[in-house]
Amino acid sequence: MSQEYRVKVAKFGGSSVASSWQFRKVRDIVAADPARRFVVVSAVGKRDKHDVKVTDLLYLVNAHLHYHVSCDDLFGTIGVRLSEIARELGISYPISQEFGLFRERAKTGCYTEEFIVSRGEYFTARMMAEFLDMPFVDAADAVVFNHDGTLNKERTGERLRKAAQDCAGRFVMPGFYGATEDGQIKLFDRGGSDISGSVVARCLGADLYENWTDVSGFLTADPRIVDDPLPIPHVTYAELRELSYMGASVLHEDAVFPVKEAGIPLVIKNTNRPDDAGTVISAADDAESRQIAGVTGRRGFVAVRTTHARSVPVSSALCRVLAVVERFRVDVERVSTGLGSCTLLFEADAVKECLYPLVAAIEREAGPESLEVVKDLALVSTVGRALPDRPELSGRLFDALGRAGIDVPFASRNPEEISVTVGVQEASFEDAIRAIYAAFVS
Ligand code: ASP
C-alpha cells in the first residue's frame, strides 16, 4: 500500500505510545514510509489491561484540585511515566522540569480542566516530535474551536496548512484538543485524537488516514465469542456505522466524517503487527467483500408488544403508544408493526426507572387488547453490503439460526438494507453470533 500514497496522516493511539518500547515501534513505522509526514498522537496510554491511561490520571488530578485534596501521588505517577520514556529514549526535552512547572502552576488552581487534561497529549507529542526528529506543532495553535465547543473548520484548515508549510511538510501534533481564537483549550470527546487525525488528513489533503492502534482492524465477530475471528479487510462507511452502533468499537464514531467528506480512505492498523493489512474504510462499495462484513450485537433490550382491536388502524395504535413513550422521554431502539400489533424495543437501561409506569400509561392511554413485556433480549446484526443484492444470504441467516434452535422474536432490516438485525433471548446471544459466523465466514 505504501508506494501509492504521497501524503499519509498517521495517528497513534494511547497504547501505541504507552512506553519507550512503543515509541520505538512508532519510529520504525514512520521511518518505513516517507509518505507518513504528519503524525498525531494520543496521550501515553495503557501498557497492559491493568494499567491506567495518563488522561484518566489527569482527570483525577483535576477532580482532586477542585476539591482541594492533595494529589501529589497522582502527579508523581504521571511524572514518572513520562520521564521514564524520555530517559529510556535519551530524549533531551526537559520533561521533568516542564512537568514540574505544570504541576506547581496547576496546584495554584489557575488551569481549566480542559487545559490540565490536554497536557497528556501535549507532553507525549513533545517527546515524540523530538524522538522522530520532526517539528512539533501545538494543537492549540492549529486546531481552532468555536466558543460553543464545535470545531471551526475554516480556521483550522488555514492554520493547519500554514503549520504544514512552516514545517516543510512534516510535523507531529498532539491529538484530542485545540483552542479557541483567544487561546482557551477545548477538548474533543474522549477518544477524540481519532478526530484530530481525521481533521488533519482532511485539511492537508492526505491520500490516506492511518489510525494505528492495538488491533489489526475490525474483526468479523467478537473474539470473546468466536475463536480467532477473521479480520475484515474492507468496510464501507455505512457498514462501519452499523458495526460500530451495534458494538464493534475501534474508532471514535466522529472520526469518520472529516475524511469521508473529502473521500480520503481510512485504514485501521496495528502498531504491534504493522505488517497486518488492517481494515480499510472507504466509500468504495465495489471493493472485494466477503458475503458479509461481520456479525455483531448487544445485550440489554426489552420489548413492549401491544395488540389492538381490528377496528383500530395500526397507524393510530402506533401513534397512541408513541405519544406515551415520548412523554416519558425515552428513546425507542426499533419499532415493528404487524396485523393489529406494535412492538417497541427499548434499551433496558433507558427504561430501567420507568418501565412499569410507562407500561401502565400505555395500557391506560392507548387501550390495547393485550400488552406483553419481553425482557432479556439481545440484538444481533449481520452487516454486509452484499445483503440487498443477494436474497439467498438472508435466507441462509435465518436457516442458520433455525438449525441452531434459536427463536427469533424480532427481526428488521436497516433502511439501507445492508444489515439484518434479529432480536434473540440474551441466553442465545452468543450461540446466535456463532451460528451466523459459521454460516458465512468460517
Ligand atoms: N487521551 C484521550 C482519551 O483517553 C484522547 C484519545 O486517546 O484519543 O480519551
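The values are calculated or read from the model by the stated rules, or taken from the named source; none is laboratory data. Treat the numbers as computed from the prediction; the structure is a model and nothing was measured. Methodologically, a virtual Cβ is constructed for each residue, glycine included, from the backbone with ideal geometry; neighbour enumeration extends over all protein chains shown. What goes into the accessible areas is simple: the full protein's heavy atoms, side chains included, and nothing from ligands, DNA or RNA. Shrake-Rupley method; radii C 1.70, N 1.55, O 1.52, S 1.80 Å.
Placing +1 on each Lys and Arg Cβ and -1 on each Asp and Glu Cβ, with no other charges, gives the chain a dipole about its Cα centre of roughly 340 debye. Of the residues Val312, Val26, Val40, the one that moves most in a GNM of the chain with alpha-carbon contacts below 10 Å is Val312. Surface composition of the stretch 253-392: carbon and sulfur make up 48 percent of the accessible area, probe 1.4 Å. Take every DSSP beta bridge whose two residues both sit in the stretch 220-366; close to 85 percent of them are antiparallel. Across Asp148, Asp254, Asp275, mean-square fluctuation computed from a Gaussian network of the chain (C-alpha pairs under 10 Å connected) peaks at Asp148. Taken along the Cα-to-beta-carbon direction at a fixed 7 Å, the label points for Ser96 and Tyr237 span 4.9 nm.
Please report the carbon-and-sulfur percent of the accessible area for the stretch 164-209; probe 1.4 Å, protein heavy atoms only, DNA, RNA and ligands left out. Ligands and nucleic acids excluded, carbon and sulfur give 42 percent.
Per atom type, the stretch 28-76 shows carbon and sulfur on 55% of its accessible surface, probed at 1.4 Å. For the chain, the solvent-accessible area works out to 46 Å² per residue, with a probe of 1.4 Å and every protein chain left in place. A DSSP coil position with no more than 16 other Cβ atoms inside 10 Å describes the following chymotrypsin sites (Phe, Trp or Tyr not before Pro) in the stretch 25-95: Tyr67.
May I ask which residue of Cys167, Ala43, Gly205 lies farthest towards the positive end of the charge dipole of the chain, with charges of +1 (Lys, Arg) and -1 (Asp, Glu) on Cβ and the Cα centre as origin? It is Cys167, whose Cα lies furthest towards the positive end. Among the trypsin sites (Lys or Arg not before Pro) within the stretch 16-60, those in coil by DSSP and having at most 10 neighbouring Cβ atoms inside 10 Å are Lys49. Only one residue of Ser249, Pro233, Pro265 has its Cα farthest out toward the positive end of the dipole of the stretch 200-314, where Lys and Arg carry +1 and Asp and Glu -1 on Cβ, and that residue is Ser249. Here's the picture: charge each Lys and Arg Cβ at +1 and each Asp and Glu Cβ at -1 in the chain, and of His308, Thr296, Leu82 the one pushed furthest to the positive end of that dipole is Leu82. Per-residue ellipticity at 222 nm from helix content only, as computed over the chain with -39500 (n - 2.57) for each DSSP H run of at least four residues, stands at -12000 deg cm²/dmol.
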